[in-house]
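What follows draws every value from the coordinates through simple rules; no lab data is involved. Since the structure is predicted, the reported quantities are computational estimates derived from the model, not experimental observations. All Cβ positions, even for glycine, are placed from backbone atoms using ideal geometry, and neighbour counts span all protein chains on display.
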């Protein structure tokens with residue numbers, strides 16, 4: 001395996017405490033997370049980095065100019081929403097980094113397993129050509145997997161670029 005930093009054993013003994021921690025994290029985050037429908041997402045304002053400063057500055061100006069704040073707007077609710085946004089963004093960035101690490105380790109591990117499979121398949125092919133007993137049946141069994149088109153990017157076909 002060429003990934004020197006990916007030599008751990010990830011068996012049930014190792015997975016169980018990870019899944020327990022994730023369940024605990026899910027329970028802890030439950031009051032602070034929701035599921036939106038695609039229509040809800042499409043119809044709402046999205047806070048970006050540029051708009052984050054708009055939210056922050058609007059709250060600052062409203063605090064220092066309370067006389068201009070209409071009665072139907074709640075400054076305390078806006079501050080609570082903004083603080084929640086900032087804190088959830090921090091949590092989200094950490095979770096994304098963790099997910100990316102897991103995804104990369106999974107992809108590298110899968111790649112290594114497939115490299116082994118390719119090497120073993122080639123060995124079975126050579127053994128079949130040499131009439132090694134039993135090799136032909138195993139080669140035939142694995143051959144169905146190697147008749148597929150090569151898609152090293154995870155199986156998604158990338159369309160050809162459109163020429164102007």
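Using Cβ counts within 10 Å as a stand-in for footprinting exposure, how do 39, 83 rank, fewest first?
Placing the least packed residue first, the sequence is 39, 83.
Sort 94, 79 so the one with the fewest other Cβ atoms within 10 Å of its own Cβ comes first.
Ascending number of Cβ neighbours within 10 Å: 94, 79.
Where does the chain land at 222 nm, in deg cm²/dmol rounded to the nearest 500, when only DSSP H runs of n ≥ 4 count, each adding -39500 (n - 2.57), divided by all residues?
Using -39500 (n - 2.57) per qualifying helix, the result is -22500 deg cm²/dmol.
How would you rank 145, 82, going from fewest to most other Cβ atoms within 10 Å of each one's own Cβ?
145, 82
Could you calculate the contour length gain from residue 142 to residue 39, that is, 0.36 nm times the residue separation minus the distance between their Cα atoms, to one decimal place in nm?
Gain in length upon complete extension: 32.5 nm.
For percent of Cα pairs over 20 Å apart, the listed values are (i) 63; (ii) 75; (iii) 54; which was obtained by calculation from the structure presented?
Computed from the coordinates, percent of Cα pairs over 20 Å apart corresponds to (ii).
Once label points are set 7 Å from the Cα along Cα→Cβ at both residue 77 and residue 129, what is their separation, rounded to one decimal in nm?
Simple spin-label model gives 7.5 nm for this pair.
Using alpha carbons only, how many degrees (0 to 90, rounded to 10) separate the axis of helix 75-129 from the longest principal axis of the chain?
10 degrees
Give me the angle, in degrees from 0 to 90, between the Cα long axis of helix 12-29 and the longest principal axis of the Cα atoms of the chain, rounded to the nearest 10.
Approximately 20 degrees, to the nearest ten.
Only Cα pairs under 8 Å and at least 6 apart count here; give the relative contact order of the range 37-146 as a rounded whole percent.
13 percent
Mind pulling the angle between the C-alpha long axis of helix 49-64 and the longest principal axis of the chain? Nearest 10 degrees, somewhere in 0 to 90.
Its long axis makes an angle of about 20 degrees.
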